[in-house]
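Trainee: Could you have a look at this structure, given as structure tokens, before my questions?
Any read-out appearing in this document is the output of simple, stated calculations on the displayed coordinates, not a laboratory observation. Since the model is a prediction, treat every value here as computed from it, not as a measurement. Note that we place each Cβ from the backbone using ideal geometry, even for glycine, and neighbour counts take in every protein chain shown.
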Amino acid sequence: MGLNLWDIVIWWLVLEIIGLVTLPIASQVARNLKDNGYSISKPLGLLLLTYLSWIISIFSGYSYFTVLVSIGIIGACSFLICILKGKPQVDKKYLIRFELLFAAAFVIFAIIRAYSPDIYWTGGEKFMDMSFINSILRTSGFPPHDPWMSGTVMYYYYFGYLIVADLIKLTSVNPSVAFNLATASFFALAFTTAIGIGYNLTGKIKYGIITAFFVTIAGNLVGFLQLMEILFRKSDVINNILSFNYWTASRVIPDTINEFPFFSFLQGDVHAHMISITFQLLILLLLLNIFKSGSLETIPVLVLGLAIGFLYPLNTWDYPVYLVLSILVIGYSAFLSKNNTKPFKSKYYLKIIMAISAVAVSSYLLYLPYHMSYKLGKTISFVSEGRTELVYYLAVYGLFLYLIYWFVIPKPTKSFPRPLYLISALILLSILSFVLKFELLILLAPLLILSILSILKEQDNTRVFVVILVITGALLSLFCELFYIKDALGSANPAYIRLNTVFKLYLDIWVLWAVPAGYAIFHYRDSFYRKKMWGIFAIVLIIMVSVYPVFATIGKSGMFRGEPSLDGEMYVKKEHPPEHMAILWFRNITGQPVVLQAPGDLYQWNTYITAFTGLPTVVGWAGHELNWRFPARQETDARWSDVNRIYTSLDSDEVAALLKKYNVAYIYFGEAEAKRYGSPGFFDSHTERFGKVFEYGDVVVYGVSKNSQNR
């Protein structure tokens, strides 16, 4: 099928149009940034497009015209800004470099995806992601229906899928191709937004690129250790290198997941945590803009509230993290206000409180319809054992910690404690951390103390902003050692109580620490030029974290052999032709009628009709539903049992009653159903109730007569 060049071009072009249409708004909101808001125009445009299409759809339904109207509203606001404030002023040299980097990142990652495009069911969440995207494409309003639990609304944060659905509506790209283009675009967006952060912190685009490398490309140190293990093995070294296992580096800390951005992009699941990286970086730029302004203007504060609130329906875990970060940044920004000659006057405290309240309240109220349909049932519990061991933590964040520590350590002065005192304190802390089985204390406690001292003495506001990010990341690390969010995984297996907590929050820590790491390179740039030992060791660590993206990409992409294609559905046509023909047939059906399929065992070839069409089934991957709806599980268990009864019962009245209960329109019998239930003889013998509407090879689809449900 080739590289789907037209799809790549049209997708890129739509992203460019969204960024261009939003640029006047971005420039007005972020006029205190050195690039005048250019680096936030695309992610801010996607945020506004998604938000507006969602709000409008609540009242008038979701369609192509809804998305088009949303772009029209953004364009009208930008046009008005241009009339009132003038055209945005952007450095043309910066603009050209920025756009070339965006295009290169997008195309390169599209090519990478083209060599492993399959929307496969093992080792990831692609079936879930594809089901949700296709379901939203079929929806007429919000909240959307849950495709894995027919008759209910989606009990998962779905705005990431809405972003992709909006782009599909605008481009008319096939969803199975758009799935992979979405991954490429989120990589390119994260990469260039990170460039914007580095550029606006340092004033140099090359340090923006270094920052983007740390955020989106660098791996952890495990990739280097994997390579060394292969080299020392000495047997079939070349093939082992070329088949490098990209998965290992994401499972460093036992019984947890420790993804980092490049792994998430390479894995290719269009999942909430991957999509949110771009919007976390957007918020960092909005915060930097406020911090640089020295004042708290209404529009930037409210847009910040909109952006932080966006995280809740996008990837809920990130919402409290960035709300706390905004409180820290706004509080300090107001304290440093140019007009604040008497910082302890009550009016300045009131100003800070009002700004923070505006962000917090707007971030919630602007998404009130979502909050009314989605209730969190999870609680926080205390970690009593199984904390992270120091060696694993260093394997994940070793480079960042090295750069950050040097950045926050104060310069030697007469008032600085003597080395003997420091050594004694570290020894005591080491003993305490190992006695308490809290090994990270030896790293995180000094980091927090040094960071706070650095802020108290620092005169450079840019450095203060960077240190606030360091503190937030350290506090998140401590949270993961002290607390976890209770979910179905931990209930099923106590060893996994921290799995999701570490998974979600460690990715936030990566973003929060990658930016200071990039700034530390800028701060200590002379050490590289003068070949000082600090710079040499930093270069060694950078080379070590560069191993993973190179060899993992080669391994994941099958050494770039074979014919590239961005169509994630092509393997179905080749490996499961009857199922593929059924998928094509179901695509001609409008609306969201319920298709009965075998209950979904996790990470198995099942519920594929739902995945590739968006048509709901009675119960999909039940393990996911149990986790989303935790602690309630009665509904999921009941559906699992009822579906099995429909496929196995010989009582036609019982079957009819259950079909009516779930409003089933079609009964699907394919590969997964044959493996679980044998032959569809019961349905064949009751032709007056179940007529064949599709048959190809071993696949049969029965239409459920309304009369049969009423008997």
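Trainee: List the equivalent ellipsoid semi-axes of the chain in whole Å, largest first, each obtained as the square root of 5λ for an eigenvalue λ of the Cα gyration tensor.
Mentor: Equivalent ellipsoid semi-axes, largest first: 45, 29, 25 Å.
Trainee: While we're on this one: Report D for region 388-523 in µm² per second (integer): Stokes-Einstein, Kirkwood Rh on Cα pairs, 37 °C, 0.692 mPa s.
Mentor: The diffusion coefficient I find is 203 µm²/s.
Trainee: Here's a follow-up. Using alpha carbons only, how many angstrom separate the centre of region 56-82 from the centre of region 99-153?
Mentor: If we compute the Cα centre of each part, the gap is 23 Å.
Trainee: Please give the Cα centre distance for region 200-248 versus region 642-674, rounded to the nearest Å.
Mentor: When both Cα centres are located, 50 Å separates them.
Trainee: If you wrap a convex hull around the alpha carbons of region 488-596, what volume per residue comes out, as a whole number of Å³?
Mentor: About 254 Å³ per residue, rounded to a whole number.
Trainee: For region 458-508, with equal point scatterers placed on the C-alpha atoms only and solvent neglected, what are the log10 I(q)/I(0) values from the Debye formula at q = 0.13, 0.24 1/Å, to two decimals?
Mentor: Results for region 458-508 at q = 0.13, 0.24 Å⁻¹ read -0.42, -0.84.
Trainee: When the distances between all Cα atoms of region 543-635 are binned every 10 Å from zero, what whole-number percent does each bin get?
Mentor: For region 543-635, the binned pair fractions read 13, 31, 26, 22, 8, 1 percent.
Trainee: For region 217-224, just list the computed ³J(HN,Hα) in residue order, Karplus coefficients 6.51, -1.76 and 1.60, θ = phi - 60°, integers in Hz, with x standing in for Gly and Pro.
Mentor: 10, 4, x, 8, 6, 5, x, 5
Trainee: Here's something else I'd like to know. Based on the alpha carbons, how large is the Rg to Rh ratio for region 570-709 when Rh follows Kirkwood?
Mentor: Result: Rg/Rh = 0.94.
Trainee: Further question on the same structure: In sequence order, what are the phi-derived ³J(HN,Hα) couplings for region 516-529 according to the Karplus relation 6.51 cos²θ - 1.76 cosθ + 1.60 with θ = phi - 60°, rounded to whole Hz, with x for glycine and proline?
Mentor: For region 516-529, the Karplus-derived couplings read x, 4, x, 5, 5, 4, 5, 5, 9, 4, 5, 5, 6, 5 Hz, x marking Gly and Pro.
Trainee: Under the rule of at least 5 residues apart or a separate chain, name every residue whose amide H is placed under 5 Å from the amide H of Val153.
Mentor: Those qualifying (amide H under 5 Å, at least 5 residues apart or on another chain) are Asp146.
Trainee: Place the peptides 194-200, 295-301, 624-630 in order of packing, highest mean first, counting for every residue the other Cβ atoms within 10 Å and averaging per peptide.
Mentor: Descending packing order for the listed peptides: 194-200, 624-630, 295-301.
Trainee: Continuing with this model, one more query. Would you kindly derive the ³J(HN,Hα) couplings of region 318-332 from the backbone phi angles with the Karplus curve 6.51 cos²θ - 1.76 cosθ + 1.60 (θ = phi - 60°), listing them in order in whole Hz, with x for Gly and Pro?
Mentor: Once θ is set to phi - 60°, the couplings for region 318-332 become 6, 4, x, 4, 7, 5, 5, 4, 5, 4, 5, 6, 5, x, 6 Hz.
Trainee: Would you mind checking which residues have amide H under 5 Å from Arg251's amide H? H placed 1.01 Å from N; only 5 or more apart, or other chain.
Mentor: Correct list: Asn258.
Trainee: Could you tell me the center-to-center distance, by alpha carbons, between region 1-48 and region 513-572 in angstrom?
Mentor: Taking the Cα centre of each part, region 1-48 and region 513-572 sit 25 Å apart.
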